[in-house]
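Trainee: Just dropping this structure here.
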Amino acid sequence: MADADKTDNVHEESFMLYKKLPSHMIKDKTLLQVPKDSKDFVNSFLKAAAPKGRSEEIEKFSSRKEMVMDALNKKKRSKRKRSKKALSTKQKKQLNMNDIPPEQQKYEMYEPLHQLWLDYIRDSLQLNRETVKPEHRHTKLLRCDLHGSIITVTKSKCPSYIGQSGIVVQETRNSFKMITKADCLKIIPKVSTVFTLSVDDIVVNIYGTHLRYRASDRANRKFKSKPTIDL
């Protein structure tokens, strides 16, 4: 008998979860009819079931546009053209892309480039202004592009490099390529080498180990003072 009473209580609690419809909705037989338009049926049901004073909210809700999720057209993703992979340094060497042909290894061909470099370095170092401190000019010079400059090797661990001078034609991370006045191409390593630059009356000595960066990477780099050992 005790188990039967428990089952009856469970049934009673389950029935208490659902409330009966209001009496005015039970009497309204229009709600029992199958509607032609589902939207009209929902609106009429909400108006009848909702409490008074909320008719405006129901109208706003019903006035919203319908959105069928299955009918949405997926936006076609624009297929971007994949850029071809850039050549590696090894492939460039195999194709001889960085080589200068012998007919272009002439000092006279690069003299106009040196004149352009002089105008560029005067503007970047602000040589016309006397208020600029030499320390700031040295840091700016390290960031400047040296293509077209005339450099001279003053000190080096290799004696054959000392005294070599020419116009810089190419710069890599570890070396300078320059054309001498004898129309010869010279490759000078930066490591353990001291270079000299002259702009107007200013002569600057630069340690090659401090320039062991590409010209593009050196433009935005912050240089810190490093100890140097005299060669």
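The values are calculated or read from the model by the stated rules, or taken from the named source; none is laboratory data. A quick note: this is a predicted structure, and the numbers were derived from the prediction, not measured. As a convention, Cβ positions derive from the backbone with ideal geometry for all residues, glycine included, and neighbour counts pool all protein chains shown.
Trainee: Please list, ordered by first then second residue, the pairs with beta carbon atoms under 9 Å, 6 or more apart or interchain, first in region 87-102 and within 18 Å of PHE176 (Cβ to Cβ), second of a type in the set (Ser, Thr, Tyr) and assigned to a loop (DSSP other than H, G, I, E, B).
Mentor: ASN98/THR172
Trainee: Is it the case that SER14 is at pLDDT 70 or above, in a helix (DSSP H, G or I) and farther than 30 Å from ILE150 by Cβ?
Mentor: Against the criterion (at pLDDT 70 or above, in a helix (DSSP H, G or I) and farther than 30 Å from ILE150 by Cβ), SER14 does not qualify.
Trainee: What residue, of VAL191, VAL169, is free of Cβ contacts under 8 Å to residues at least 24 places away in the same chain, within 30 Å of LYS92 (Cα to Cα) and within 32 Å of the chain's Cα centre (by Cα)?
Mentor: The match here is VAL191.
Trainee: Let me ask you something else. Taking the criterion of being farther than 13 Å from VAL199 by Cα, touching a strand residue (DSSP E or B) at 6+ places or on another chain (Cβ under 7 Å) and assigned to a loop (DSSP other than H, G, I, E, B), would at least one residue in region 125-133 satisfy it?
Mentor: Among the residues of region 125-133, not one is farther than 13 Å from VAL199 by Cα, touching a strand residue (DSSP E or B) at 6+ places or on another chain (Cβ under 7 Å) and assigned to a loop (DSSP other than H, G, I, E, B), which makes the answer no.
Trainee: Let me ask something additional. Identify the single condition in (1) surrounded by 15 or more Cβ atoms within 10 Å (Cβ to Cβ); (2) within 18 Å of VAL203 (Cβ to Cβ); (3) modelled with pLDDT of 80 or more that ARG143 does not satisfy, given that it satisfies every other one.
Mentor: That leaves (2) as the condition not met.
Trainee: Turning to a different aspect of this structure: Going by the structure shown, is TYR110 modelled with pLDDT under 90 and surrounded by 15 or more Cβ atoms within 10 Å (Cβ to Cβ)?
Mentor: The answer is no for TYR110.
Trainee: In region 175-218, what residues are in contact with a helix residue (DSSP H, G or I) (Cβ under 9 Å, 6 or more places away or on another chain) and surrounded by fewer than 12 Cβ atoms within 10 Å (Cβ to Cβ)?
Mentor: Selection gives LYS181, ALA182, ASP200.
Trainee: GLN104 fails exactly one of the following numbered conditions: (1) modelled with pLDDT under 65; (2) assigned by TED's automatic domain parsing to the domain that holds ILE151; (3) of a type outside the set (D, E, K, R). What is the number of that condition?
Mentor: With respect to (1) modelled with pLDDT under 65; (2) assigned by TED's automatic domain parsing to the domain that holds ILE151; (3) of a type outside the set (D, E, K, R), GLN104 is out only on (1).
Trainee: Among the candidates ASN73, ASN96, single out the residue that is at pLDDT below 75, surrounded by fewer than 10 Cβ atoms within 10 Å (Cβ to Cβ) and either within 30 Å of SER149 (Cα to Cα) or not charged (D, E, K, R) (or both).
Mentor: ASN73
Trainee: Just for region 159-174: of the residues that are in contact with a strand residue (DSSP E or B) (Cβ under 8 Å, 6 or more places away or on another chain) and over 19 Å from TYR213 (Cβ atoms), which one is surrounded by the fewest Cβ atoms within 10 Å (Cβ to Cβ)?
Mentor: GLY163
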